[in-house]
1. Would you check if residue 127 is modelled with pLDDT of 80 or more, surrounded by 12 or more Cβ atoms within 10 Å (Cβ to Cβ) and either in the same structural domain as residue 41 (by TED's automatic domain parsing) or part of a loop (DSSP other than H, G, I, E, B) (or both)?
2. Within the range 14-31, is there a residue that is at pLDDT 85 or above and either in the same structural domain as residue 160 (by TED's automatic domain parsing) or closer than 24 Å to residue 125 by Cα (or both)?
3. Please report, ordered by residue number, the strands (runs of 3 or more DSSP E) entirely within the range 24-93 with at least 3 residues that are surrounded by 13 or more Cβ atoms within 10 Å (Cβ to Cβ) and touching a strand residue (DSSP E or B) at 6+ places or on another chain (Cβ under 8 Å).
4. So which of 161, 142 ends up being under 23 Å from residue 39 (Cα atoms) and either in the same structural domain as residue 40 (by TED's automatic domain parsing) or free of Cβ contacts under 8 Å to residues at least 40 places away in the same chain (or both)?
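The values are calculated or read from the model by the stated rules, or taken from the named source; none is laboratory data. Here the structure is a predicted model, which is why all the values come from computation and not from measurement. Cβ: placed from backbone, ideal geometry, glycine included. Neighbour counts: every protein chain shown.
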């Protein structure tokens, strides 16, 4: 996010304590205009009092600072952030004891420099990678660690895959008053989408 930080250099560097006990130096403060992914839509957010800490390779958001002007409702493995007008502005999913969320600098660029698939949840990505496997089977595979590199658990959100739903639909037969073909290519059968 830092290359889009509208910042001012601090006269005195501030101390920023991180989770592993280290204390790092923040040298700039400013605001960032970013987008959070909410139900597959990007919500534009301006975050003020953002500190630039050169030695950090991840962007962190303070739970305490978020609740100064917003509210957070956390249920199971999901935390939802609402603004003062009760609009949903961000969703974070718990992963190894930390809440994580997707953030984008603009409509097309992800600051994590991942591919376009980064707008998908981990559950959706694995569902697609594993050939649109049933979500219950996918949860079971993760809990039992039935394959290498699977997480211990996935987001506890209810998902429906549009591709799976579309492919499971069937059409009623079309009425056909034609007789049997007598010549080659007199009658052609094809699939309709």
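1. no
2. Among the residues of the range 14-31, not one is at pLDDT 85 or above and either in the same structural domain as residue 160 (by TED's automatic domain parsing) or closer than 24 Å to residue 125 by Cα (or both), which makes the answer no.
3. 41-53, 78-82
4. Selected residue: 161, the only one of 161, 142 that is under 23 Å from residue 39 (Cα atoms) and either in the same structural domain as residue 40 (by TED's automatic domain parsing) or free of Cβ contacts under 8 Å to residues at least 40 places away in the same chain (or both).
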